[in-house]
Amino acid sequence: MAEYRLYDLAKVIRSKNSGPFQTTLDVLFDDEKIYKKIKESGLITRKHIAMLYKMEESRIQEIVFFDTALGFKITYDRSISSGTCGDRDVYGAQQHAPLAQMKVEL
């Protein structure tokens, strides 16, 4: 088995607002075998995502796999609402880095 970063395996990893109070992470693959291995690996869980993002598990609202799109999305509650004083990423566009750096063994 070799170790990769999710960034090396996915075609797209992005983040965006899901309304003013949530952020969504999208991960899309162009290889069905890799997508299935990631899905079946047990790495994409509330517990593991909470650890990567140093947040309470309860902030993660959903993790949804879309087999036909070869991808998954994770939606979590923002610590402060978009545009509030102290918000460093109004559009939620820079929040995918911890997920992109996640190590995966294949």
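Only the coordinates and a few stated rules stand behind these numbers; no lab work does. Just so it is clear, the model here is predicted, and its values are computed rather than measured. Cβ coordinates were reconstructed from backbone atoms using ideal geometry, including for glycine residues, and neighbour counts include every protein chain displayed.
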Problem set entry | Hull-based mean projected area of segment 30-71, where the convex hull spans the alpha carbons, in square nanometres | 3.1 nm²
For this session: Output the Cα-based Rg and Dmax of segment 3-105 in Å, rounding Rg to one decimal and Dmax to a whole number.
Result: 13.4, 44
Exercise. Once you list every other residue whose beta carbon is under 9 Å from the beta carbon of Leu28, what net charge do they have if Lys and Arg are +1 and Asp and Glu are -1?
Worked result: 0
Seminar exercise, completed: Taking R0 as 25 Å and r as the Cβ-Cβ distance between Glu57 and Ala2, the FRET efficiency 1/(1 + (r/R0)^6), rounded to the nearest 0.05, comes to 0.30
Problem set entry | Full-extension gain in nm, Thr84 to Lys39, via 0.36 nm per residue minus C-alpha separation | 12.7 nm
For this session: Take Ser18, Ser58, Ser81 and order them by how many other Cβ atoms sit within 10 Å, fewest up front.
Result: Ser58, Ser81, Ser18
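Going through segment 8-51, which chymotrypsin sites (Phe, Trp or Tyr not before Pro) have at most 15 other Cβ atoms within 10 Å and a DSSP loop state? Write out the running numbers ahead of the final one.
Numbers: sites: Phe21, Phe29, Tyr35; in loops: Phe21, Phe29.
Answer in residue order: Phe21.
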